[in-house]
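Take a look at the structure set out below.
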Amino acid sequence: MDEFDNTMIGRGRDAIDMIVDPDTFQENAIGTYQCEPDYGPCASVGTAQLKGRPVTIIANDAQQFNERFPVVFGGVIGMEEAYKMAMAVYHSIEADKDKPIAEKRPILLIVDTPGNGPGKMEEIAGMNKATGSYQLALAEARKTGHPVIACVIGRAISGAFLCHGLQADHILALSKEYGTMIHVMPLTSISRITKMDIEKLEALSTSNPVFAAGAEFFYKLGGVEEIINKVEDMRDVIARHVDDVYATKAKGEFEKLGPWGRGLLGEERGGRVVRLKAMAKMDEEFEAVADQYLNA
Amino acid sequence: MQKWDELEKSSFLDANARQRAIGMTDKGSFTELLGPRDRFTSPHLPVLGTAVEFDDGMVTGVGRIGKHPVFVISMEGKFIGGAIGEVNGGKMVGTIRLAEKAAARIQKEHPDEYAARRPLVVISFETGGVRLHEANAGLLAHAEVMDAFQDCRHKLPIICVVGSKVGCFGGMGFVAAATDVIIMNEQGRIGLTGPEVIEQEMGKEEFDASNKALVYRTTGAKQKYIMGDCNYLVEDTIGSFYQAIADVADKPMAEIEKLRRIGSVKLVEEQMGLVKLVGDMQPKDAMDLWKYYGNEKPEELPELSTAEFLKVVKCRVRN
């Protein structure tokens, strides 16, 4: 990491301090819910204030390891971590269930994770359920009206980014100068699995957004709403996106946000232009036969 | 194309995506949407010198079971391992959204008959997850599917069907977990991390990916059934899958909700109980849990036929 003196990789807890109002982070507390302090140690959850407003914080803690699940360390999201994160979301929804949308607390995801727990016990018990449940909880919170903002400060890799990030209303990422990594798999692995020539892949990886690694390519696909060029700006940019998302939800324009909204952005930015055409054609073909299925 | 009646009797495992789609709905009722004639191919594969398919490796369409419209997504493992890219990911999302819109229209046009006409989504998974050739677009498509699932909650069921050669892995492993109902044949496998990656992470002595029996015990249908992660374990015929789907189609949503594994605080608490058990027990093999749940001779279970297995197996009891 020498080339990135100012990298935020492995510094999830520092990021919390840099973003929220000073000394306001209450770890493990969300509404009336208290998370057990030693549960899912590689994830940190709790409540803080952001410019005077309560926010739920969900961050990776890359400095910890999980004694019970030996593949879970360095920011990996294990089963305990994913369920802990899901509980933080559900209890945020519960805490604000009687409040109007304008007062539902934002949920801030601080993202620095290399993956989901890749172990045998994880497969036996069902790691897929753990990561799936956190995503469903985030989708529910987003649709209930909570602004959900993800900020990639370090690594956002494949399934772990799907789990912790890609269900947000808006996704922000520190620029590549901070060593930020967004990708599915390193090129060497892609080359091995697809049996494609590594040199050809390396050449393509500098220009092809659907394939290349990095926040700027995800930006082109609509996968990242905004790139943050200075780490000092994180706090203000996040707060601005919280306001934007509140305003969009107040207008009822939920479809401009979250994964579907990023699909629209992907078309606008020219990175993913075929999928919407494919879906429009499907709609048209269904309409031609709809009567025999809807009124049979 | 084979006759429908013959399809029903034939092996699900050996069937291609189109045969499965036709056979999981009523005879003569399936209409393919965005089929090969439309030639919506991946715009990203040619850049890498990889051949395209006119259906991008996924059959999508609508059929019926009784009066229920059935929105079908059927993945073809023979095309790049069934992996998800921009176009087939879009087809998947588009189909789920069509089902949700159809549900709203039926609610409006046939309010008294909603239960009998309620649509369903059936997804026949055969995939390792993200298509690496267009990895970023494939990843984003997964998030869109989860988003679309949430829109269907409590309105119409989403049924996961796994019984094809590739199984259901990677990101699609958690997509499968997020459905309402899971139907598998004995050969079906669901997981997140593939066996080779577990071996790479943990070492060959902990997990030998070439040991097929071990791989199957860890992610196979019998293991999923014992854990409560597979709701229907059926014989390997397309007709058996059709029957199980038809059974779900007529169930009230409240009953279907009980078949779910995740998606609410209560269900997460239940799963946390399971994680605690596994953390305390530190199982070396799925058979340790089979024994814990009351199967005295767990080593015999993999050998049993589906019918014999269902007769004797003891499963995790859900609260």
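Computed values, structure above
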{"item": "Among the residues listed as A:VAL45, A:VAL76, A:VAL55, the single one being closer than 30 Å to B:GLU199 by Cα and of a type in the set (A, V, I, L, M, F, W, C)", "result": "A:VAL76"}
{"item": "Candidates A:ALA239, A:ALA213, A:ALA203, A:ALA250 - the one that is in contact (Cβ under 8 Å) with a residue 60 or more places away in the chain and open to solvent by 30 Å² or more (accessible area, probe 1.4 Å)", "result": "A:ALA250"}
{"item": "Tally, over region A:84-121, of residues that are in a helix (DSSP H, G or I) and more than 7 Å from every other protein chain (Cβ to nearest Cβ)", "result": "12"}
{"item": "Members of region A:185-233 found to be within 8 Å of chain B (Cβ to nearest Cβ), among the β-branched types (Val, Ile, Thr) and closer than 20 Å to A:ARG262 by Cα, listed by number", "result": "A:VAL210"}
{"item": "Test for B:ILE65: is it of a type outside the set (Gly, Ala, Ser), touching a residue at least 60 places away in the same chain (Cβ under 8 Å), more than 20 Å from B:VAL93 (Cβ to Cβ) and surrounded by 20 or more Cβ atoms within 10 Å (Cβ to Cβ)", "result": "yes"}
{"item": "Which listed residue, of A:ALA88, A:ALA141, A:ALA125, is within 25 Å of A:ILE227 (Cα to Cα) and open to solvent by less than 10 Å² (accessible area, probe 1.4 Å)", "result": "A:ALA141"}
{"item": "Filtered residue count, region B:25-37, keeping only those that are within 9 Å of chain A (Cβ to nearest Cβ) and closer than 21 Å to B:PHE125 by Cβ", "result": "4"}
{"item": "Within region B:249-272, tally of residues that are in contact (Cβ under 8 Å) with a residue 12 or more places away in the chain and within 14 Å of chain A (Cβ to nearest Cβ)", "result": "8"}
{"item": "Residue identified as at the interface with another protein chain (Cβ under 10 Å from one of its Cβ atoms), of a type outside the set (Asp, Glu) and within 30 Å of A:ASN66 (Cβ to Cβ) among B:PRO283, B:PRO298", "result": "B:PRO283"}
{"item": "Residue count, region A:161-184 (criterion: open to solvent by 10 Å² or more (accessible area, probe 1.4 Å) and either in contact with a helix residue (DSSP H, G or I) (Cβ under 6 Å, 6 or more places away or on another chain) or away from chain B (no Cβ under 13 Å) (or both))", "result": "6"}
{"item": "Residues (closer than 19 Å to B:VAL145 by Cβ and either in contact with a Ser or Thr (Cβ under 9 Å, 6 or more places away or on another chain) or β-branched (Val, Ile, Thr) (or both)) located in region A:257-278", "result": "A:LEU257, A:GLY261, A:VAL274"}
{"item": "Selection within region B:38-84 - within 11 Å of chain A (Cβ to nearest Cβ), assigned to a loop (DSSP other than H, G, I, E, B) and small (Gly, Ala, Ser)", "result": "B:SER42, B:GLY49, B:GLY66, B:ALA83"}
{"item": "Unmet criterion (only one of (1) in a loop (DSSP other than H, G, I, E, B); (2) open to solvent by 10 Å² or more (accessible area, probe 1.4 Å)) for A:ASP14", "result": "(1)"}
{"item": "Residues of region A:102-127 satisfying the condition of being hydrophobic (A, V, I, L, M, F, W, C) and either closer than 30 Å to B:ASP285 by Cα or within 21 Å of the chain's Cα centre (by Cα) (or both)", "result": "A:ILE107, A:LEU108, A:LEU109, A:ILE110, A:VAL111, A:MET121, A:ILE124, A:ALA125, A:MET127"}
{"item": "Residues within region B:183-218 that are surrounded by fewer than 14 Cβ atoms within 10 Å (Cβ to Cβ) and within 30 Å of B:VAL121 (Cβ to Cβ), tallied", "result": "0"}
{"item": "Subset of region A:62-116 [among the β-branched types (Val, Ile, Thr) and touching a Leu at 6+ places or on another chain (Cβ under 7 Å)]", "result": "A:VAL89"}
{"item": "Helices (runs of 4 or more DSSP H) enclosed by region B:89-181 - at least 3 residues per element that are within 8 Å of chain A (Cβ to nearest Cβ) and buried (at least 24 other Cβ atoms within 10 Å of the Cβ)", "result": "B:135-152, B:171-177"}
{"item": "Residue selected from region B:245-299 under the condition among the polar types (S, T, N, Q) and over 23 Å from the mean Cα position of the chain (by Cα), by the criterion most open to solvent (accessible area, probe 1.4 Å)", "result": "B:GLN282"}
{"item": "Within region A:269-286, considering residues that are at pLDDT 95 or above and charged (D, E, K, R), the one surrounded by the fewest Cβ atoms within 10 Å (Cβ to Cβ)", "result": "A:GLU284"}
{"item": "Residue in region B:226-248 that is part of a helix (DSSP H, G or I) and within 11 Å of chain A (Cβ to nearest Cβ) present", "result": "yes"}
{"item": "Filtered residues of region A:63-85 (kept if under 16 Å from the mean Cα position of the chain (by Cα) and either among the hydroxyl-bearing types (Ser, Thr, Tyr) or open to solvent by 10 Å² or more (accessible area, probe 1.4 Å) (or both))", "result": "A:VAL76, A:TYR83"}
{"item": "Number of the exception - A:VAL231 against (1) among the hydrophobic types (A, V, I, L, M, F, W, C); (2) farther than 19 Å from A:LEU108 by Cα; (3) modelled with pLDDT of 95 or more", "result": "(2)"}
{"item": "Hey, A:GLY261 touching a Pro at 6+ places or on another chain (Cβ under 8 Å), open to solvent by less than 60 Å² (accessible area, probe 1.4 Å), of a type outside the set (D, E, K, R) and touching a residue at least 40 places away in the same chain (Cβ under 8 Å) or not", "result": "no"}
{"item": "Count of residues meeting criterion [in a helix (DSSP H, G or I), under 14 Å from A:LEU257 (Cβ atoms) and more than 10 Å from chain B (Cβ to nearest Cβ)] in region A:142-160", "result": "1"}
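The values are calculated or read from the model by the stated rules, or taken from the named source; none is laboratory data. Remember, it's a predicted structure, so these values are computed and weren't measured experimentally. All Cβ positions, glycine included, derive from the backbone under ideal geometry; neighbour counts span all protein chains shown. Only protein heavy atoms, including side chains, enter the accessible area calculation; ligands, DNA and RNA are left aside. Shrake-Rupley method; radii C 1.70, N 1.55, O 1.52, S 1.80 Å.
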